[in-house]
Amino acid sequence: MVSCEKDPDMDKLDNEYLVFTSHDTSTKFSDFSTYYIPDSILVIGDKKDPEYWKDENAQTLINTFVTKMNAAGYTRISEKEDADLGLQVSYVASTYYFQGYYNDGPWWGYYPGYWYPGYWGGNWGGGWYYPYPITYSYSTGSLLADMVNLKNAPEGQKEKLTVVWNAYISGLLGGSSNLNVNRATTAINQAFTQSPYLKK
Amino acid sequence: MKTIKYFTLRLMAVAAIAIAFALPAKAQVTPFTYFNVDWQFNAPISNNFANKASGWGMNFEGGYYVLPDLSIGAFINYHTNNEYISRQTLPISNSAALTTDQQHSVFQLPFGFATHYRFSDGACQPYIGLKLGANYTKMSSDFYIYEVKDNTWGFYVSPEIGMNIYPWTNSIGFHLAAFYSYSTNKGTVFNYDMDKLNNFGFRVGVAF
């Protein structure tokens, strides 16, 4: 009888991107001053070697993150080893590597080319630590942004690098897997709008 | 036949039908039972989740007349009400937020005991009825490729007035009814709380 339910008309949904943000409630963002963001976006694809998105569209998206972080009171610096916060941005072009993994995150850590804690210059042998649940599943055409705490990050083989904020932006259904840069820019702005705790 | 005082306006409304068809004394296929299969229109009364009325539902019921005018039987019906919710930022927890638009749905599946008291056993059989039972209701939000839902159960009660009309002997007839329903279901999706369900509506279908 449950099959007698009428499915809702999904064509009525608008075409703007879904924006999901999470943060560590015990982190005092006012303790941080500087941040580093790479000049390229990691592409999670179907090749086991990572690819990096660096073209004009990628720069538009990265610059949107920069604008919002600066407006929140942080200063971008050019040396990642000296930064309080690291912001890594990835784009899911293919979910090939995630077949068979569970539908909750952080599934993206299984991609062979994903950012690794050592990228940030320290030794965090324990991997990542998300202090909050990640409840969305992977989908093609998604933009992921993770903000890591580099300032208060004890190092060691068993130490983990803490993700203090992340944003998941998605909305492409079928069709082209190319991100719509204008909609993505709007969504990045929304991610910061719904994260007022980031403001120093 | 009962005296005319029981029919009043209802009799006037079906008088044209009664005249058009020669009305035999007893017209049901099986005189001591009734069965209805109806299309249902349902309007929620402020369930705080999906308040748009719709015609996406059906009702199935049947009864046996244990007394000449009193039947006991069973029913099951289902109905879906949807409502589009425009884009907003939803607090998911104290650490997470989600911005999206949504399609809300309330799918109700009540079933249980049904009783009719009819005022005539002739070709036109107006009645008052009561349904009592359980109500499975799913409240769900659909957005992008996701669905967040809450499956709920509650107690269900629904009074109704209606009429079974049998224009032809030993043949199929028609059914009309108006109903109100109340159930105790409670559910939560995101920051939407649904506490008890009140609906009203009508049914049109066949009787045999």
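Worth pointing out:
- If only the Cβ of Lys and Arg carry +1 and only the Cβ of Asp and Glu carry -1, the dipole of region B:4-207 around its Cα centre is close to 380 debye.
- Summed over all non-identical Cα pairs, the Kirkwood treatment of region B:4-207 gives a radius of 18.5 Å.
- With the simple spin-label model, which puts each label point 7 Å out from Cα in the Cβ direction, the A:T67 to A:Y119 separation comes to 2.4 nm.
- For A:K199, the aspartates and glutamates whose Cα comes closer than 13 Å to its Cα, not counting residues fewer than 8 places off in the same chain, are A:D31.
- Were the residues from A:K199 through A:E16 laid out at 0.36 nm apart, the gain over their Cα-Cα distance would be 63.4 nm.
- Based on Cα atoms of region B:129-178, Rg over Rh with Rh as the Kirkwood radius reads 1.27.
- Unsatisfied cross-links (Cα-Cα over 24 Å) in the set A:K12/B:K149; A:K80/A:K200; A:K80/A:K160; A:K54/A:K151; A:K54/A:K80; A:K54/A:K160: A:K54/A:K151; A:K54/A:K160
- Taking only the alpha carbons of region B:36-153, we obtain Rg and Dmax values of 19.3, 66 Å in that order.
- Label zone at B:W153 (point 7 Å along Cα-to-Cβ), backbone N below 13 Å, region B:172-200: B:185-186
- Amide H contacts of A:D84: A:S33, A:T34, A:Y35, each under 5 Å away and 5 or more positions distant or on a separate chain (H built 1.01 Å from N in the peptide plane; Pro and chain starts excluded).
- Among B:A114, B:A96, B:A123: highest mean-square fluctuation, GNM of chain B, C-alpha pairs under 10 Å: B:A96
- GNM remark for chain B: springs join alpha carbons under 10 Å apart, and the peak mean-square fluctuation among B:I128, B:I165, B:I92 falls on B:I92.
Values quoted throughout were computed directly from the atomic coordinates according to the rules given, and no laboratory measurement underlies them. Just so it is clear, the model here is predicted, and its values are computed rather than measured. FYI the Cβ positions are ideal-geometry reconstructions off the backbone, even for glycines, and counts take in every protein chain you see.
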